[in-house]
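Report on the following structure.
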Amino acid sequence: MKKTTTTSTVLLKHHLKALRLPTILGECEKVAGRCATENVDHLGFLLQLCELELVDREQRAAERRLKAARFPNVKTLEDFDFGAQPSLNKVLIAELMRCAYLDQRESVILLGNPGTGKTHLATALAMEACRRGKRVRFWRVIELVTHLMEAREEKNLLRLKNQLAKLDLLVLDELGYVPTSKVGAELLFDVISTAYERTSIIVTTNLPFEQWTEVLGSQRLVGATLDRLTHRCHILEATGESYRLKDAKRRHRQGAAKPAEISKDASQPAESSQGGDQGEA
C-alpha cells in the first residue's frame, strides 16, 4: 500500500508539472493532510487546490503586468498628501481608482506646476489598473518621442505602434518639459490619434492647454491633439506648492536652526563649570 501511494505521488507530481500547475504541485500534500484531518471530501480538496492555483496565478500575472509597465517608482494613493493639494478632486480620484474609466475608454489629464504630485497620482492610478488585469505602459513623453523617432529610422515604427495599440492604458508623463521636433510632435500625435476611443491615456503636464504649442509647435496639431484627448476625459488640476520646494524650505529652516542649537549646547557646560567653582568656593 505504501509503495502504491508513493508511486501515485510521483505520478501526480509528474502530471502537475506537465500541466504547469506549480501551486497545486507545491501545496497538494499539505492540503491533502489538512482535508483528511477535517474530513473534507475529494471535491472540497480539489476546490481548495484550484482556488490556491487561481490566486497565485493572478498574483504572478499582476507582477508581470507591473514589470512590463516599467514604472519609475512605486506610488500609492495612500501615500499621497491631499492636504498639500486641496484643489484636487479627491472624490473623483477615488472613483478613478476603481478603473471604470478604462472600460469606457476615457482618459485623464493631470495639470499643475512641477512638484505637485502629478506623476505620483498617474503612477498610482496606472498601478491599480495593472492589479485589475489591465495592460499598461508608462512613458515619459520625451523618451517615447525619442523611441518613436528611432523606430522610424530603423523601420520598426509599425511594430512599436502595434505594441502600443494593444495597451489598455498609456501613461504620457511630463508633456511640456522639453519641446519636440516637428517630426517628433507628429509621431506623438499619431500615437494619441490611434489610441482615441481605443486606449485610455493619462497625461501629466505643467503647461496649460493654450501653451501646448511650445511643445507641439503647430497650432493645428495642438488643436487636433486636444480634441482627441479632452473628449471623454477627466481633468484634474493641482495648484498647490511644489512638494520639492516645500521640502527644500523645511531643510533650509532646519539647517539654519542647528547652529543656534550647537551654540546653546556649547554654552551649557561652561555655565555648569562656573556653578561648580562657586559651590567649591
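Figures for the structure shown
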quantity	calculated
Size of electric dipole in region 2-66: Cβ of Lys, Arg +1 and of Asp, Glu -1, about Cα centre, debye, nearest 20	400
Ranked packing of 107-119, 169-181, 220-232, most packed first, by mean Cβ within 10 Å	107-119, 169-181, 220-232
Among GLN48, HIS15, PRO72 the positive-end extreme of the charge dipole of region 2-106 (Cβ point charges)	HIS15
Proxy reagent accessibility, fewest Cβ within 10 Å first, across ASP168, ASP41	ASP41, ASP168
Of the GluC sites (Glu not before Pro) in region 1-76, those whose Cβ has at most 16 other Cβ within 10 Å and which sit in DSSP loop	GLU38
Magnitude of the charge dipole, region 1-159, Cβ model with Lys/Arg +1 and Asp/Glu -1, debye to 20	600
Cβ crowding within 10 Å averaged over residues, with 182-188, 16-22 ranked highest first	182-188, 16-22
Selected from LEU164, ILE109, THR204, residue furthest toward positive end of dipole (region 77-238; charges at beta carbon)	LEU164
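Where a number appears in this text, it was derived from the coordinates with a stated rule and is not lab data. Quick caveat, the model's predicted, so the values are computed rather than measured. Cβ coordinates were reconstructed from backbone atoms using ideal geometry, including for glycine residues, and neighbour counts include every protein chain displayed.
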